[in-house]
Amino acid sequence: MESAIKEVHVKYLKANEQDISWGLVTTTAGYQYIPPHSEYPSTNHPMRYRFSAQNGRVLNEYQLVYITKGHGRFVSASHKKVEINEGDMFLLFPGEWHNYRPDQETGWHEAWIGFTGKDIDEKVKNGFFQKNKPIFHIGILEDVFNLYKKAVEAATNQESGYQLVLSGIVNLLLAYSYSKDRQFSFRDRQEDDMVNKAKLYMQERFDSRITGEEIAKTIGVGYSKFRKAFKNYTGFSPSQFIMELRIAKAKELLTNTNMSCQQIGFVSGFETPSYFHVAFKNKTGMSPVSYRNFTQGQSLIKISDM
């Protein structure tokens with residue numbers, strides 16, 4: 001059976017003495033989709049990260065893994081075998097045998113980041129993270145998945161000081177895993193997952209012709225229930241939230257690119273130039289052209305003040 005990995009972003013990183021002295025160093029970051037009935041783990045990882053789904057493995061670093069779609073299982077030397085569901089996160093410890101894999105019937109979407117350093121060692125020493133409690137039920141959170149994406153972006157660009165940026169991302173992810181897991185037991189997990197899964201779906205597809213009914217069907221709930229829960233959690237109806245995403249994208253492109261307004265409207269998910277013009281003006285009080293002229297004028301003022 002071929003390895004049908006749709007999407008892989010992986011970086012294996014180096015660190016200098018200054019990075020190490022900062023207290024936390026990132027070694028790897030990535031995310032990938034494992035379709036149902038696919039080979040797992042994939043064979044495109046470096047040898048030191050490969051492991052057998054039958055025998056498991058031992059790492060010399062920490063890794064924080066986040067599952068946003070699908071189901072599977074996890075087991076370690078200090079924790080019995082458990083089911084892993086979308087919205088779960090688990091922490092791998094250095095020197096600790098572990099094994100995990102998606103269900104063949106569902107596959108899964110996984111994101112991960114690996115790291116070492118005195119900062120995480122100190123957190124473990126103080127009991128914030130324990131080998132016998134490696135699973136965190138945090139739900140499907142757009143902000144958390146975006147942090148993994150930002151980590152991959154920073155690892156890919158490797159601009160000056162990128163390891164320091166990555167250490168901040170790791171600490172944010174650790175804070176989310178610890179705090180959200182504690183909060184999660186006090187919320188309606190099913191409803192919370194529903195809304196956050198929908199937000200993630202919208203973020204990935206706002207530039208296409210998606211509807212609230214389509215989203216509700218995708219996440220497996222009735223539209224009426226979905227719309228009510230989404231409005232309660234976000235303050236927006238599904239269609240309003242999609243519009244906010246499209247307008248935000250249009251603003252970004254108008255400010256930072258030379259694309260024509262017609263192109264920007266299309267890329268941002270508007271079906272026609274006239275619809276883009278009307279919708280943008282209704283939301284911002286300015287036409288796309290006026291908004292671009294305004295933001296460019298503001299940029300020129302800032303430059304002249306330097």
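The values are calculated or read from the model by the stated rules, or taken from the named source; none is laboratory data. None of these values were measured; they are calculated from a predicted model. Here the Cβ positions follow ideal geometry from the backbone for every residue, glycine too, while neighbour counts run over all protein chains shown. We work out accessible area using only protein heavy atoms, side chains counted, and drop any ligands, DNA or RNA first. Shrake-Rupley method; radii C 1.70, N 1.55, O 1.52, S 1.80 Å.
Quick notes on this structure:
- The set of residues in segment 196-216 being in contact with a helix residue (DSSP H, G or I) (Cβ under 9 Å, 6 or more places away or on another chain) and part of a loop (DSSP other than H, G, I, E, B) consists of Phe206, Asp207, Ile210, Thr211.
- First in segment 57-77 and free of Cβ contacts under 8 Å to residues at least 40 places away in the same chain, second anywhere and open to solvent by less than 10 Å² (accessible area, probe 1.4 Å) and outside any strand (DSSP E or B), Cβ under 7 Å, 6 or more apart: Gly70/Gly107
- Strands (runs of 3 or more DSSP E) wholly inside segment 58-114 that include at least 3 residues being open to solvent by less than 30 Å² (accessible area, probe 1.4 Å): 62-76, 88-92, 98-102
- Answer residue from segment 129-149, given it is of a type outside the set (Val, Ile, Thr) and under 8 Å from the mean Cα position of the chain (by Cα) and is surrounded by the most Cβ atoms within 10 Å (Cβ to Cβ) among those: Tyr148
- Residue ID - most open to solvent (accessible area, probe 1.4 Å), chosen from residues in segment 169-195 that are polar (S, T, N, Q) and modelled with pLDDT under 85: Gln190
- All positions within segment 235-263 that are over 25 Å from the mean Cα position of the chain (by Cα) and crowded, with 18+ Cβ neighbours inside 10 Å: Leu254, Cys261
- Residues of segment 1-22 classified as at pLDDT 85 or above and either touching a strand residue (DSSP E or B) at 6+ places or on another chain (Cβ under 8 Å) or on the phi > 0 side of the Ramachandran plot (or both), total: 1
- Of the listed requirements (1) in a helix (DSSP H, G or I); (2) within 22 Å of Asp143 (Cα to Cα); (3) open to solvent by less than 70 Å² (accessible area, probe 1.4 Å), Asn232 misses just one: (3).
- The set of residues from segment 88-102 being farther than 18 Å from Thr68 by Cα and of a type outside the set (D, E, K, R) comprises Phe93, Pro94, Gly95, Trp97, His98, Asn99.
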